[in-house]
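All remarks here apply to the structure that follows.
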Amino acid sequence: IKKNEEIEILRKGGKILGGIMKQLLKEVKPGATTGQLEQLADFLIKQAGGRPSFKGFKSNKNDQPFPTALCVCVNDEVVHAPSLPPRELKSGDIINIDVGMQYPADAKALAGKQGFYTDMAAAAAVGKVSREAQKLIRVAEQALELGIAQVRPGNSLNNIGKAIEQCALASGFSVVRDLVGHGVGYGLHEDPQIPNYELPYNKKIILKPGMVLAIEPMVNAG
C-alpha cells in the first residue's frame with residue numbers, strides 16, 4: 001500500500017515513461033533495429049532523470065543480470081527478450097516493447113530514498129501486417145482496458161484476470177498462464193500477482209486504496 005505522496009511521484013514517473021513509450025513506438029518501422037530502440041530508450045530515461053530498471057535486474061542473486069533497458073519481443077516471443085544483440089524489424093512483424101523505470105534516479109531528490117518503479121508495455125505492427133495480427137493487437141488493448149476497468153476499492157483481484165481472459169477467449173485467442181502481472185512501486189515486482197485468467201483463490205484478495213498494479217495482458221493466437 002503506497003502513501004498519497006508516493007503515488008504522486010509514481011504518477012509523474014508513469015507519465016514520463018508513457019511519453020518515452022510514445023517516442024519509441026514512432027520509431028517502429030521496417031528496417032529499424034531493436035538496438036536502435038534500446039539506445040533511444042536508455043537516452044530518454046536518463047534524460048528524464050530516471051534509471052532503466054530492467055538493466056542489471058536479477059530475480060535471484062545467482063542470476064545473470066538482465067542486459068538491456070528494453071524487452072523487445074518479435075512475433076512468437078511473449079516477454080523478456082533482450083533488445084541486444086540487435087535484430088532488424090521487417091514488414092509483417094508484430095513487436096512488443098516492455099520498459100521499466102525507477103524515478104527519480106537521484107536519491108537526493110527524495111531525501112535519501114530511492115525512486116519508485118513504473119512498468120509498461122505496448123504492442124505495435126511493423127509495416128503492413130496480417131488481419132489476424134491487427135486483431136491480436138486490438139484485442140490485447142481491449143483486454144487491458146477491461147482489466148483496468150475492474151480496478152476499484154472493494155473489487156476482487158480475480159475480476160481483473162476474469163475480464164482479460166473472457167475478452168481474449170471471445171475473440172478466439174488464448175492468454176498466457178505461466179506469466180502474470182504484478183504489483184509495482186517500491187520494487188520492480190511486488191505482490192500481488194495478477195493472472196490474466198480467472199483464479200478462484202484471488203476472489204479472496206480485495207483491492208484497497210493505495211495499491212499500485214502493473215496489469216499485463218499476454219494474448220496469443222493459437
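At a glance:
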{"read-out": "Near pairs, Cβ below 8 angstrom, 6+ apart or cross-chain, from region 39-65 (at positive phi) to any residue that is surrounded by 14 or more Cβ atoms within 10 Å (Cβ to Cβ) and part of a strand (DSSP E or B)", "value": "G49/Y103"}
{"read-out": "Residue in region 49-71 that is in contact with a Lys or Arg (Cβ under 8 Å, 6 or more places away or on another chain) and open to solvent by 80 Å² or more (accessible area, probe 1.4 Å) present", "value": "yes"}
{"read-out": "Pick from region 72-112, criterion assigned to a strand (DSSP E or B) and of a type in the set (D, E, K, R), ranking: most open to solvent (accessible area, probe 1.4 Å)", "value": "E88"}
{"read-out": "Residue list for region 30-48, restricted to those being assigned to a loop (DSSP other than H, G, I, E, B) and either of a type in the set (A, V, I, L, M) or surrounded by fewer than 12 Cβ atoms within 10 Å (Cβ to Cβ) (or both)", "value": "G31, A32, A48"}
{"read-out": "Filter result for the condition that a residue is closer than 30 Å to K90 by Cβ, assigned to a helix (DSSP H, G or I) and not acidic (D, E), over A168, A124, A163", "value": "A168"}
{"read-out": "Filter result (without any contact (Cβ under 8 Å) to a residue 40 or more places away in the chain and either under 21 Å from L207 (Cβ atoms) or in contact with an Asp or Glu (Cβ under 8 Å, 6 or more places away or on another chain) (or both)) within region 102-124", "value": "A123"}
{"read-out": "Selected residue [part of a strand (DSSP E or B) and open to solvent by 80 Å² or more (accessible area, probe 1.4 Å)] from D119, D191, D178", "value": "D191"}
{"read-out": "From the options P200, P209, P217, P153, residue that is open to solvent by less than 60 Å² (accessible area, probe 1.4 Å) and either closer than 27 Å to V74 by Cβ or out of contact with any Asp or Glu (no Cβ under 7 Å at 6 or more places or on another chain) (or both)", "value": "P217"}
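The values are calculated or read from the model by the stated rules, or taken from the named source; none is laboratory data. All values reported here derive from a predicted model rather than from experimental measurement. Virtual Cβ from ideal backbone geometry, glycine too; neighbours counted across all protein chains shown. Side chains included, ligands, DNA and RNA excluded: accessible areas come from the protein's heavy atoms. Shrake-Rupley method; radii C 1.70, N 1.55, O 1.52, S 1.80 Å.
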